[in-house]
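To start, the structure itself, in structure tokens.
Read-outs throughout are calculated quantities, based only on the coordinates presented, and are distinct from any laboratory measurement. This one's a predicted model, so the numbers in the text were calculated from it and none came from an experiment. Here the Cβ positions follow ideal geometry from the backbone for every residue, glycine too, while neighbour counts run over all protein chains shown.
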Amino acid sequence: MSSNTKWFKVCPEQELKPGRAKSVRLFGRPFAVFNLDGRLFGIDAACRHMKANLTGGKLEGSVVTCPMHGWKYDVRTGKCLTQPDSDVNTLPVKIKDNTIWIEIELPGSNSYSIA
């Protein structure tokens, strides 16, 4: 990530169980962390189709299905498996002091966009 990023708290580590997701809304946009068997993956949680929050979808393995119209995304890579050129951004995740954090670009940076 560029120098115009910031880390934000998502939730306490013990709150995000394997096979689950946690969403946090920052600057009017949803972001999410998914726990895949103890490995954490962060993504921009707005489906590229109609902006539904992907954390409301069904997670099977590493694939989340959008609850609105069924688009599928691999949460490890952000790749959309149902539509070309519709990937979502992946985001760095860390655990510090038993808390899960996600790093996002701040509004106004060159790479920040509302897709």
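Among the residues of region 1-44, those identified as of a type in the set (Lys, Arg) and either surrounded by 20 or more Cβ atoms within 10 Å (Cβ to Cβ) or under 15 Å from residue 104 (Cα atoms) (or both) are 6, 9, 22, 25, 29.
Within the bounds of region 92-99, is there any residue that is out of contact with any helix residue (DSSP H, G or I) (no Cβ under 6 Å at 6 or more places or on another chain) and surrounded by 18 or more Cβ atoms within 10 Å (Cβ to Cβ)? Yes, that holds for at least one residue. Selection of first residues in region 22-49 that are touching a residue at least 60 places away in the same chain (Cβ under 8 Å) and among the acidic types (Asp, Glu) and of second residues that are surrounded by fewer than 20 Cβ atoms within 10 Å (Cβ to Cβ) and assigned to a loop (DSSP other than H, G, I, E, B), restricted to Cβ pairs under 7 Å at least 6 apart or on distinct chains, gives the following pairs, ordered by first then second residue: 44/89. Inspect region 78-86 for any residue being assigned to a strand (DSSP E or B) and within 15 Å of residue 43 (Cβ to Cβ) and give the result as yes or no. Among the residues of region 78-86, at least one is assigned to a strand (DSSP E or B) and within 15 Å of residue 43 (Cβ to Cβ), which makes the answer yes. Per the conditions (1) under 22 Å from residue 82 (Cα atoms); (2) among the hydrophobic types (A, V, I, L, M, F, W, C); (3) part of a strand (DSSP E or B), the sole criterion not satisfied by residue 50 is (3).
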